[in-house]
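Have a look at the structure below before the remarks.
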Amino acid sequence: MFINEELECVVCCHEFSRGHRVPRVLHCNHTFCAPCLEKMSKQEGVIRSVSCPLCRWITCTRASLALPAALWVNTEIWDQITHEQQEMEEEKDLNNTKTQLIKPTLPTSRHTGFMSALQKMFSCVPLHE
C-alpha cells in the first residue's frame with residue numbers, strides 16, 4: 001500500500017485529519033473517518049451499530065455515547081498526520097465558512113429571473129440552485 005492510501009478513508013477517499021476526518025477504529029481493527037462511520041451507523045433502541053464495509057463485522061456501542069466518543073482513534077495514522085495537513089484543513093474549513101456567509105447581491109426576484117434566463121440559455125445543461 002502507498003503511504004497516501006494508508007492516510008485516506010477507503011469509503012470517501014478523503015485524507016484523514018486531526019479535525020473533521022479523525023481516523024476511528026472499529027472493533028474489527030479497520031479504520032474509517034468519523035463522518036463516514038456516522039453515516040454508516042444505525043441506531044436501534046439503546047444500541048448503535050456499524051457494519052464494517054470491508055469485513056462486515058458489526059461494532060456495537062451505546063447509543064447514549066456519540067459514535068466518535070465510543071471508538072478509539074487510530075494513533076498510528078494520527079501520528080502520521082503532519083502539521084501542514086492540519087493547517088491546510090483548518091484553512092479549507094475557514095474558506096468554506098466564508099463562502100457560506102456570502103449572500104447573493106441581487107434581490108431575490110432579480111436573482112430568480114436571472115437564474116431562469118440562464119436556464120433558458122443553457123437548457124441542455126442541468127443547473128442546480
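Worth a mention:
- Global geometry of segment 31-71, whether rounded, prolate or oblate, following the gyration tensor of its Cα atoms and the 1.5 cut on a/c: oblate
- With K and R counted +1 and D and E -1, the other residues having a Cβ less than 15 Å from that of Ser41 yield a net charge of +4.
- Per-pair calculated FRET efficiency, R0 = 25 Å: Gln80 and His27 via Cβ, rounded to 0.05: 0.65
- Restricting the trypsin sites (Lys or Arg not before Pro) of segment 22-64 to loop positions (DSSP other than H, G, I, E, B) with no more than 12 neighbouring Cβ atoms within 10 Å leaves Arg56.
A short reminder: the numbers here are calculations on the coordinates, not readings from a lab. Small disclaimer: the values here were computed from a predicted structure and weren't measured. In this analysis, Cβ positions are derived from the backbone assuming ideal geometry, glycine residues included, and neighbour counts consider all displayed protein chains.
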